[in-house]
1. Just one of (i) 15.3; (ii) 16.8; (iii) 15.8 is Kirkwood radius over Cα pairs in Å as worked out from the coordinates here. Which one is it?
2. Tilt of helix 117-143 relative to the longest C-alpha principal axis of the chain, in degrees (0 to 90, nearest 10)?
3. Starting from the amide H of Glu73, placed 1.01 Å from N in the peptide plane, find each other amide H under 5 Å away whose residue is 5 or more places distant or on another chain.
4. Could you report the accessible area of Lys117 in Å², rounded to 10, computed with a 1.4 Å probe on the protein chains as they sit in the structure?
5. If you roll a 1.4 Å probe over the chain with all protein chains in place, what percent of the accessible area is carbon or sulfur?
6. Under 10 Å, Cα contacts only: if you run a Gaussian network model on the chain, which one of Leu100, Leu136, Leu52 comes out with the highest mean-square fluctuation?
7. How large is the helix-only mean residue ellipticity at 222 nm for the chain, computed as the sum of -39500 (n - 2.57) over DSSP H runs with n ≥ 4, divided by its residue count, in deg cm²/dmol to the nearest 500?
8. Once you sort the root eigenvalues of the Cα gyration tensor of the stretch 5-94 as a ≥ b ≥ c, which label holds: rounded (a/c under 1.5), prolate (a/b larger than b/c) or oblate (the other case)?
Amino acid sequence: MAGEIELPPIRYNTYIDAAPQKVYDTLTTASGWDAWFTQGAEVDARSEGSILFRWVDFKVDHHSAENGGPVLEATPPQRFVFQWTPGDSTTTIAFELEPLGPGTVVTVTESGHTTSKRDLDALVECAAGWGEALTLLKMYLEHGITYGPVPEP
């Protein structure tokens, strides 16, 4: 929105005991996302492709939602960047994967939130959400633990 100030990005990182290619494949396929986080995702993981997340009966409030946008960059197995619109503004999410020993340091950054009321609400939800998402990704890749029902293929 005009006159709004862009806020600093959200940034989290964690170590996952899985090779970068395995982490990348999980983040760049619908079956990868659906295995631990979404229900019915659609992913065309190439530059100028698209991503669509779907959540059905999700979290403790059992809400259903979908959000997505264009894929801006897909560089296996190092970087995956896409956009979505969680508030008023379209934000950019970048996953960066760095090998460390037998595993991967995963950094997720989301930028583009402004000071509008809807963006501030989205910022708070996304700030908590990306920390939770990295924990869920780690639990899935290291231990096969999933959050809730996983859709049938």
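The values are calculated or read from the model by the stated rules, or taken from the named source; none is laboratory data. Worth saying up front: this structure is predicted, and the values here are computed from it rather than measured. Areas reflect the complete protein model, heavy atoms only, side chains present, ligands, DNA and RNA absent. Shrake-Rupley method; radii C 1.70, N 1.55, O 1.52, S 1.80 Å.
1. Identified label for the calculated read-out: (iii).
2. Relative to the chain, helix 117-143 is tipped by roughly 0 degrees.
3. It is Val81, by chain and number.
4. 140 Å²
5. Reported share for carbon and sulfur atoms: 55 percent.
6. Leu100
7. When only DSSP H runs of four or more count, the value is -8500 deg cm²/dmol.
8. Rounded, since a/c falls under 1.5.
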